[in-house]
Ligand code: C2E
Ligand code: MG
Ligand code: MG
Ligand code: MG
């Protein structure tokens, strides 16, 4: 009986393992084609001033509408895209699409809000990145002052090659923020050397900020240090009113999360912005 059970478990495990690597192989092998055939699209999560509930921006988040696998979240393909190098062309498409969309919203009178785009270190390291960004800005006519790049550091990047790139991007007027701050390699000693504007504090610090004194203290410390070195702080993963209260108490005024809105399709965002009267407030 026990033997039988463990044998079955083993087989189930084996099958799942096989499926995982099969899915990974399919993803890896169809990404390039998917990019060429316009299977990727963006969703936009609103960012708010949590003090007065004004919309301050959106974060563009990529999704993949796969012909066989259905909608695939970025967690399943971004790191693969980074490994294969496809993130450079996928990322270029994401920046162009975000700028086009931002310009369209501005032209429609939706107001001047920031469009934040996630950018991988791999993209910053590609030799003509800044030139490509300039080209996209010229092509789309989007105001670089309304563009923000959110950097994630899952891999410790070579600072000496990244710093000049960040400086040039900031000279163009683009905001730079460090995503998922407090996780991975984004320590304060690392940040000290980076020409950036904003720390985006990771959702794991927000999760229990309302009922955990330690989290509260850590968050306040981050805000204090950010203030001292002239950086702004934004919170991600706000899921409840109690988070908002704790964040305001901790000195943070900008944030995003399911409490305000999940990431929205372009049309959903337009409905959201029209129905909530953000247009007229500008
Ligand atoms: P991220 O940049 O830290 O984005 C935040 C993630 O948290 C998003 O997941 C968002 O949908 C989710 N989220 C937003 N509010 C809440 C909340 O209140 N609670 C919880 N639990 N989650 C919330 P998503 O869209 O699946 O993206 C995951 C990660 O994939 C992103 O994390 C980012 O690192 C990466 N990513 C997404 N789009 C892009 C992209 O266009 N380029 C690159 N390079 N990476 C991307
Ligand atoms: Mg982000
Ligand atoms: Mg983040
Ligand atoms: Mg995060």
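The values are calculated or read from the model by the stated rules, or taken from the named source; none is laboratory data. Please read all numbers here as calculations on a predicted model, not as lab measurements. Reconstructed Cβ throughout: ideal geometry from the backbone, glycine too, with neighbour counts over all protein chains shown.
Inspect the stretch 215-234 for any residue being within 16 Å of ligand 2 (Cβ to nearest atom), in contact (Cβ under 8 Å) with a residue 60 or more places away in the chain and under 30 Å from residue 102 (Cα atoms) and give the result as yes or no. Within the stretch 215-234, one or more residues are within 16 Å of ligand 2 (Cβ to nearest atom), in contact (Cβ under 8 Å) with a residue 60 or more places away in the chain and under 30 Å from residue 102 (Cα atoms).
Within the stretch 186-196, restricting attention to residues that are part of a loop (DSSP other than H, G, I, E, B) and out of contact with any helix residue (DSSP H, G or I) (no Cβ under 8 Å at 6 or more places or on another chain), the residue that is farthest from residue 259 (Cα to Cα) is 192.
With respect to (1) more than 16 Å from ligand 1 (Cβ to nearest atom); (2) in contact with a helix residue (DSSP H, G or I) (Cβ under 6 Å, 6 or more places away or on another chain), the lone exception for residue 159 is condition (2).
Those strands (runs of 3 or more DSSP E) of the stretch 27-127 in which at least 3 residues are buried (at least 18 other Cβ atoms within 10 Å of the Cβ), considering only elements entirely within it, cover 40-49, 54-66, 114-120. When the stretch 197-210 is filtered for residues that are part of a loop (DSSP other than H, G, I, E, B), within 16 Å of ligand 2 (Cβ to nearest atom) and buried (at least 18 other Cβ atoms within 10 Å of the Cβ), only 202 remains. Filtering the stretch 115-127 to residues that are in contact (Cβ under 8 Å) with a residue 40 or more places away in the chain and either within 16 Å of ligand 3 (Cβ to nearest atom) or over 18 Å from residue 94 (Cα atoms) (or both) leaves 115, 116, 117, 118, 120, 121.
Looking across the stretch 250-269, the residues that are free of Cβ contacts under 8 Å to residues at least 24 places away in the same chain and part of a helix (DSSP H, G or I) come down to 267, 268. Looking at the stretch 128-143, which of its residues are in contact with a strand residue (DSSP E or B) (Cβ under 9 Å, 6 or more places away or on another chain) and either free of Cβ contacts under 8 Å to residues at least 40 places away in the same chain or assigned to a helix (DSSP H, G or I) (or both)? If the condition is that a residue be in contact with a strand residue (DSSP E or B) (Cβ under 9 Å, 6 or more places away or on another chain) and either free of Cβ contacts under 8 Å to residues at least 40 places away in the same chain or assigned to a helix (DSSP H, G or I) (or both), then 129, 133, 137 are the ones that fit.
Is it the case that residue 172 is surrounded by fewer than 19 Cβ atoms within 10 Å (Cβ to Cβ), modelled with pLDDT of 95 or more and within 23 Å of residue 57 (Cα to Cα)? Yes. Take the conditions (1) within 12 Å of ligand 1 (Cβ to nearest atom); (2) closer than 30 Å to residue 216 by Cβ; residue 175 misses just one of them, which is (1). The condition (being assigned to a strand (DSSP E or B), away from ligand 1 (no atom under 14 Å from the Cβ) and under 27 Å from residue 145 (Cα atoms)) is satisfied by just one residue among 233, 223: 233.
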